[in-house]
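To start, the structure itself, in structure tokens.
The values are calculated or read from the model by the stated rules, or taken from the named source; none is laboratory data. Only a predicted model underlies this, so the values are computations on that prediction, with no experimental measurement involved. All Cβ positions, glycine included, derive from the backbone under ideal geometry; neighbour counts span all protein chains shown. Ligands, DNA and RNA are excluded from the accessible area calculation, which covers all protein heavy atoms including side chains. Shrake-Rupley method; radii C 1.70, N 1.55, O 1.52, S 1.80 Å.
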Amino acid sequence: MKLIDLHCDTISHFMGENAEVTLKRNNLSVDLEKLKQGDYLAQTFALFVNKEHVKSPHDYCMKMAEKFFQEIDQNSSLIALARNYDEIIKNEKEGRLSAILSIEEGATIEGNLKNLKDFYDMGVRMMTLTWNYENEIGYPNKGEENHTKGLKPFGVETVEYMNELGMLVDVSHLSDGGFYDVAKISKKPFIATHSNARSVTGHMRNLTDDMIKILSNKGGVTGINFCSAFMGDHGDNTYIEDMIKHIKHIRNVGGIDVLAIGTDFDGISSKVEIDNASQMGKLVQALDKAGFKEEDIEKLYYKNALRLIKDVL
């Protein structure tokens, strides 16, 4: 079963003391060999920046991007950047995986739309507006005081400009107030790259039923996240049965077309029953057993994400 994963943090592990880690083969959850075994059509790689740990989020993000492109260049027979639907199809025909580039933390543009345009020109096609801290765009869904706060004026400008450029606005990590502002402002479908259902697991990082309906009506998708805190009540373990619960609930609330995969591989510490990218077939088997039709599994695995990419990028 082909697959598009909307979020992994693998590139973060290539920085600093881990500079020897390579994309072709490593001990992480994602490498090119595992992606091939998992029959991936595309993997979205997040340039994740913890703004509290770096002097300039923009400069650090640029360094990460440089590392990412080095890895792509060194493995150009196996993987290529994809900036839109046509490039994903072209890469597939040429027997290559597609790498989609995203940014996780809007602070990387440092309050300047020119920086956003620079990242776009470089090939970035999605941006998570906030991570766990307040930034120039808005507020995270962390800390009770932030939940109802919406986008800041610069956040509104950012969403409008992302629409104009043809970039996917990612609301995972964004405050509830920010989510509703994006829903109101965005003229294009938007995305929650790695968020589950709050009704199933009551974590603020997950989407409420109302949000799932809005996202669905807008033509967006949410990527099922494998982090145990957002998934179930089995401590630090994530089981496939938990994934099925979230998938069923989201389907029942927003319909099958709102579902996608956003594993958060290499960004989570929980022990996952699907240990790495090569094992994604386990979820297909479980969905089949749970009564999902093949065409619905295809939508969840890649068709919904591909439709959204075609619509926006």
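Which of K34/K218; K24/K293; K93/K271; K90/K271; K90/K184; K36/K90 have a Cα-Cα distance over 24 Å?
Over 24 Å apart, Cα to Cα: K34/K218; K24/K293; K93/K271; K90/K271; K90/K184.
Report note on the peptides 146-152, 136-142: ranked by the mean count of other C-beta atoms within 10 Å, highest first, their order is 136-142, 146-152.
Placing a label point 7 Å from the Cα of Q285 along the Cα-to-Cβ line, the residues of the stretch 211-240 whose backbone N sits under 16 Å from it are 239-240.
Taking every DSSP beta bridge that has both ends in the chain, the antiparallel portion is near 5%. As a calculated quantity, the FRET efficiency between N252 and K184 at R0 = 22 Å, using C-beta atoms, amounts to about 0.30.
For the set C8, C227, solvent exposure ranked by accessible area (probe 1.4 Å, protein chains only) runs largest to smallest as C227, C8.
For the chain, with all protein chains in place and a probe radius of 1.4 Å, 46% of the accessible heavy-atom surface sits on carbon or sulfur.
Stretching N18 away from F69 to a fully extended chain increases their span by 16.7 nm, per 0.36 nm per residue minus the current alpha-carbon distance.
Length gained on full extension, V54 to K36: 3.1 nm, using 0.36 nm per residue less the C-alpha separation. Per residue, the accessible area of the chain comes to 40 Å², computed with a 1.4 Å probe over protein heavy atoms only. Extents of the stretch 154-313, taken as max minus min of Cα coordinates on every principal axis and listed largest first, are 42, 32, 27 Å. Couplings 3J(HN,Hα) of the stretch 174-188, computed from phi: 7, 4, 4, x, x, 4, 5, 5, 4, 4, 6, 7, 5, 7, 10 Hz, in residue order, whole Hz [Karplus 6.51 cos²θ - 1.76 cosθ + 1.60, θ = phi - 60°; x for Gly and Pro].
Using a Gaussian network model of the chain in which every pair of alpha carbons under 10 angstrom is joined by a spring, one finds that among A19, A260, A82 the greatest mean-square fluctuation is at A19. With R₀ set to 41 Å, the beta-carbon distance separating N132 from K93 gives a calculated FRET efficiency near 0.55. Extension gain for D311 to K117 (0.36 nm times residue separation, less C-alpha to C-alpha distance): 67.9 nm. Computed over the chain with a Gaussian network model linking Cα atoms closer than 10 Å, the most mobile of I11, I250, I240 is I240.
The heavy atoms of R96 present about 60 square angstrom of accessible area, all protein chains included, probe 1.4 Å.
Amide H contacts of E110 (H built 1.01 Å from N, in plane; Pro and chain starts excluded): no residue 5 or more places away or on another chain comes under 5 Å. In this structure the amide hydrogen of M127, modeled in the peptide plane, comes within under 5 Å of the amide hydrogens of I103, L168, D170, none closer than 5 places in sequence on its chain. Each pair of Cα atoms in the chain enters the Kirkwood radius, and Stokes-Einstein at 20 °C and 1.002 mPa s then converts it into a translational diffusion coefficient of 112 µm²/s.
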